[in-house]
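The values are calculated or read from the model by the stated rules, or taken from the named source; none is laboratory data. A quick note: this is a predicted structure, and the numbers were derived from the prediction, not measured. Each accessible area value is taken on the protein alone, full model and side chains, heavy atoms only, with ligands, DNA and RNA left out. Shrake-Rupley method; radii C 1.70, N 1.55, O 1.52, S 1.80 Å.
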Amino acid sequence: MLLSELKTGQKAIVVKILGHGAFRKRVIEMGFVKGREVKAELSAPLKDPIKYEILGYSISLRRSEAEMIEVIP
């Protein structure tokens, strides 16, 4: 399952980051590492961006970025 497929309020565990290079480094620095729990908090009316909670922080990602992160519910 991809992070972008989570419904509002649903929680999941990060399994894998599919991107590479600067994107991968930035996402890992934000806390999206294997084994961390992430919660979809809010989705914008046009579905982009999406607000997530991880490590007690709120982070907004574009849908295209969220599609690069694999999770399990």
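For the chain, report the accessible area per residue in Å² (1.4 Å probe, heavy atoms, rounded to an integer).
63 Å²
Can you pull the percent of the chain's accessible area that's carbon plus sulfur, 1.4 Å probe, other chains left in place?
54 percent
When the helix-only estimate is applied to the chain (DSSP H runs of n ≥ 4, each -39,500 (n - 2.57), divided by the residue count), what is the mean residue ellipticity at 222 nm, nearest 500 deg cm²/dmol?
Helix-only estimate at 222 nm: -3500 deg cm²/dmol.
How high is the relative contact order of the chain, in percent, counting Cα pairs under 8 Å that sit 6 or more residues apart?
44 percent
Taking Cα centroids, how far is the stretch 45-72 from the stretch 1-36 in Å?
A separation of 8 Å, based on Cα centres.
Based on the Cα coordinates of the chain, what is the per residue volume of their convex hull in Å³?
Looking at the chain, the number lands at 71 Å³ per residue.
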